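See structure below.
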């Protein structure tokens, strides 16, 4: 994180911007500034991806680790998934907007996608595994939806209760 500015705060889960599909990026968008804001916030909140609308910015863009182990970051402007692979994988998934909430979510193991990078260059790529999952998760934010919509209400309620219980345990450690 750079010293000249503060990290942008995450917005509340109840903010309507999270439920709105986002329009294409503005013509006058400063991609480098948005990349820095998104990257700084993602690192600060210890995420592996972050959508602009999660910090209250109505731009169709997100940042993510393209390689979590190497901490290689890409910023995707006007992303689009052009193909979902048929093979599905179920994994635990979390989200910075819902701290402590973990859900078993089924997603395609691989995707083909396109996006514009921070320099405005078109990127066409195939992603697999965790990289594919992160892209799909952040893409959902662009579409005004989120990972809680991918599980049954019963499973969501159980996970919410578990998250609340864990939060209480961490606030009141046993001595």
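Coordinate-derived values only; no laboratory data. Nothing here was measured: the structure is a model prediction, and the numbers come from that model. Backbone-built Cβ (ideal geometry, glycine too); neighbour counts: all protein chains shown.
Numbers below:
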{"read-out": "Evaluation of residue 92 against (1) without any contact (Cβ under 8 Å) to a residue 60 or more places away in the chain; (2) under 17 Å from the mean Cα position of the chain (by Cα); (3) in a helix (DSSP H, G or I) (one fails), failing number", "value": "(3)"}
{"read-out": "Residue 83 vs. criteria surrounded by fewer than 17 Cβ atoms within 10 Å (Cβ to Cβ), assigned to a helix (DSSP H, G or I) and in contact (Cβ under 8 Å) with a residue 12 or more places away in the chain", "value": "no"}
{"read-out": "Qualifying residue in segment 130-147 (condition: touching a helix residue (DSSP H, G or I) at 6+ places or on another chain (Cβ under 9 Å), in a strand (DSSP E or B), closer than 23 Å to residue 55 by Cα and in contact (Cβ under 8 Å) with a residue 12 or more places away in the chain)", "value": "no"}
{"read-out": "Matching residues, segment 34-56, being in contact (Cβ under 8 Å) with a residue 24 or more places away in the chain, surrounded by fewer than 19 Cβ atoms within 10 Å (Cβ to Cβ) and in a loop (DSSP other than H, G, I, E, B)", "value": "45, 56"}
{"read-out": "Candidates 65, 45, filtered to the one that is closer than 21 Å to residue 147 by Cβ and touching a strand residue (DSSP E or B) at 6+ places or on another chain (Cβ under 7 Å)", "value": "65"}
{"read-out": "Which listed residue, of 11, 17, is assigned to a helix (DSSP H, G or I) and within 25 Å of residue 160 (Cβ to Cβ)", "value": "17"}
{"read-out": "Sole residue being buried (at least 16 other Cβ atoms within 10 Å of the Cβ), in contact with a strand residue (DSSP E or B) (Cβ under 7 Å, 6 or more places away or on another chain) and not in a strand (DSSP E or B), chosen from 118, 73", "value": "118"}
{"read-out": "Residue that is surrounded by the most Cβ atoms within 10 Å (Cβ to Cβ), among those in segment 20-33 that are assigned to a loop (DSSP other than H, G, I, E, B) and in contact (Cβ under 8 Å) with a residue 12 or more places away in the chain", "value": "22"}
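Results for (1) within 21 Å of residue 74 (Cβ to Cβ); (2) outside any helix (DSSP H, G or I), shown as yes or no for each residue.
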| position | (1), (2) |
| --- | --- |
| 104 | no, yes |
| 107 | yes, yes |
| 126 | yes, yes |
| 163 | no, no |
